[in-house]
1. Within the range 2-16, is even one residue closer than 30 Å to residue 134 by Cβ, in contact (Cβ under 8 Å) with a residue 40 or more places away in the chain, of a type in the set (A, V, I, L, M, F, W, C) and open to solvent by less than 80 Å² (accessible area, probe 1.4 Å)?
2. I'm trying to understand the selection: among the residues of the range 97-132, which are of a type outside the set (A, V, I, L, M) and touching a Ser or Thr at 6+ places or on another chain (Cβ under 7 Å)?
3. Could you go through the range 114-122 and let me know if any residue there is out of contact with any Phe, Trp or Tyr (no Cβ under 7 Å at 6 or more places or on another chain) and in contact (Cβ under 8 Å) with a residue 12 or more places away in the chain.
4. Of all residues in the range 87-96, how many are open to solvent by less than 50 Å² (accessible area, probe 1.4 Å) and not polar (S, T, N, Q)?
5. Determine whether residue 93 is more than 17 Å from the chain's Cα centre (by Cα), in contact (Cβ under 8 Å) with a residue 24 or more places away in the chain and within 23 Å of residue 132 (Cα to Cα).
6. Filter the range 98-122 down to residues that are in contact with a strand residue (DSSP E or B) (Cβ under 7 Å, 6 or more places away or on another chain) and basic (Lys, Arg) and give me whichever is farthest from residue 13 (Cα to Cα).
7. Taking the conditions exactly as written (farther than 30 Å from residue 144 by Cβ and either aliphatic (A, V, I, L, M) or touching a Cys at 6+ places or on another chain (Cβ under 6 Å) (or both)), does residue 82 satisfy them or not?
8. Would you mind telling me which numbered condition in (1) out of contact with any Leu (no Cβ under 9 Å at 6 or more places or on another chain); (2) within 30 Å of residue 39 (Cβ to Cβ) residue 135 fails?
Amino acid sequence: MDKIKDTRSFMRIFHRYLGYLMAGIMAVYAISGVILVYRDTDFLKKENHYEKVFEKNLTEKQLGEETKIKNFEITKTENGIAYFKEGIYNSVTGKADYTKKELPFVWDKMTKLHKAKSEQALSPLNTFFGVCLFFFVLSSFWMFPPKSKVFKRGMVFTAIGIAIALLLTFL
C-alpha cells in the first residue's frame, strides 16, 4: 500500500510543479492557437508593402516562392511585366512591387510554435510540450484512488473527451 501511496504522492507533486512550469508555455500556445484558427482571415493582419529585386525571368511558381504569397497566381503578362493580385513583377529587371497582409512580428513568431519542423530550433520545445501534456494525461489518473467516485466520474469524462476528439477528427 505504501508503494501506491508513494507513486500517487510523486505523481501529484510532479504534476503540480510541472503544471506551473507548463502554465506559461500553454498560455503562449493557447493564444497563438486561437490566432491560427483565423489565419484564413485578415484578423490582426496588417498590410505590408515590399519592393524587392529577384532574379530575372522567374516562372510563376518561382515568383510565388520568392514572394511567399499563398495561392500565388499571375493574372496577366504584358511587355515583360507580370501582374498578380498583390502587385507586379518586371521579368526584365527582376523588380517586384507588391503588398502582403501579415501578422505583426510578435504574433507571427508565436504562431510558428505550431508549425515547427524537426530541423527547426522550436522542435525541442514542441516535443517537450507534447511529452508534458501526455504526462498530464497519465498522471491525472493518480490524483484520486481508483475506487473513488471522483475517479469513476473522471473516467466517464475521459471517455467522452476521447469520443468528441475522434468524432470531430473524422467528420
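1. Yes, there is a match, as at least one residue in the range 2-16 is closer than 30 Å to residue 134 by Cβ, in contact (Cβ under 8 Å) with a residue 40 or more places away in the chain, of a type in the set (A, V, I, L, M, F, W, C) and open to solvent by less than 80 Å² (accessible area, probe 1.4 Å).
2. Across the range 97-132, the qualifying residues are 98, 111, 114, 117.
3. yes
4. 4
5. No.
6. That would be 100.
7. yes
8. Among (1) out of contact with any Leu (no Cβ under 9 Å at 6 or more places or on another chain); (2) within 30 Å of residue 39 (Cβ to Cβ), residue 135 violates only (1).
The values are calculated or read from the model by the stated rules, or taken from the named source; none is laboratory data. Note that this is a predicted model, so its numbers are computed, not measured. Quick reminder, even Gly has a Cβ in these numbers, built from the backbone with ideal geometry, and neighbours come from all protein chains shown. When the accessible area is computed, the model is the full protein with side chains, heavy atoms only, and any ligands, DNA or RNA have been set aside. Shrake-Rupley method; radii C 1.70, N 1.55, O 1.52, S 1.80 Å.
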